[in-house]
Amino acid sequence: MSTVLHLSSHLQEQFSNYSIPELITINNDIVESDGWGASRSTFRNAILKALAKKGIDLSPIISKEDGFSSIQIVKVRLENNTLIPLHR
């Protein structure tokens, strides 16, 4: 577990240096690829946290119901500082 936490912290630190278009591209690559295995969610979580820290509205891809949060696994684009899901 500590390895995952260390990886997550490391990724969040690294992704803070990326531009918004770079983070969106990485997100879309991760969503599109099936080869990521168990670390896919760790990478994507770090990307989304970096986008949120840059002031991007993630609400169109995140829903909260009955105390649970659900994040859509979709490619996105940026529109008016908001992530817009691109449905397949």
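With 0.36 nm allotted per residue and the present C-alpha distance subtracted, the Leu58-Ser16 stretch has 13.5 nm of extension available.
Students often forget the sequence filter, so: which aspartates and glutamates lie under 17 Å Cα-Cα from Lys75 once same-chain residues fewer than 8 apart are removed? Of all the aspartates and glutamates, those that pass the test against Lys75 - Cα under 17 Å, at least 8 places apart if same chain - are Glu22, Asp29, Glu32, Asp34, Asp57.
Taking 17 Å as the straight-line reach from the Cα of Lys64, the lysines in range (excluding those fewer than 8 positions away in the same chain) are Lys49.
Element breakdown for the chain at a 1.4 angstrom probe: carbon and sulfur atoms account for 53% of the accessible area. With the whole protein complex present, Thr25 retains an accessible surface near 80 Å², based on a 1.4 Å probe. Computed over protein heavy atoms with a 1.4 Å probe, the accessible surface of the chain works out to 66 Å² per residue. For segment 8-16, putting each phi into the Karplus relation 6.51 cos²θ - 1.76 cosθ + 1.60 with θ = phi - 60° gives couplings of 4, 5, 4, 5, 4, 5, 5, 5, 5 Hz, in residue order, rounded to whole numbers and with x for Gly and Pro.
The values are calculated or read from the model by the stated rules, or taken from the named source; none is laboratory data. All values derive from a computational prediction rather than experimental measurement. These area figures cover heavy atoms from the full protein model, side chains too; ligands, DNA and RNA do not enter into them. Shrake-Rupley method; radii C 1.70, N 1.55, O 1.52, S 1.80 Å.
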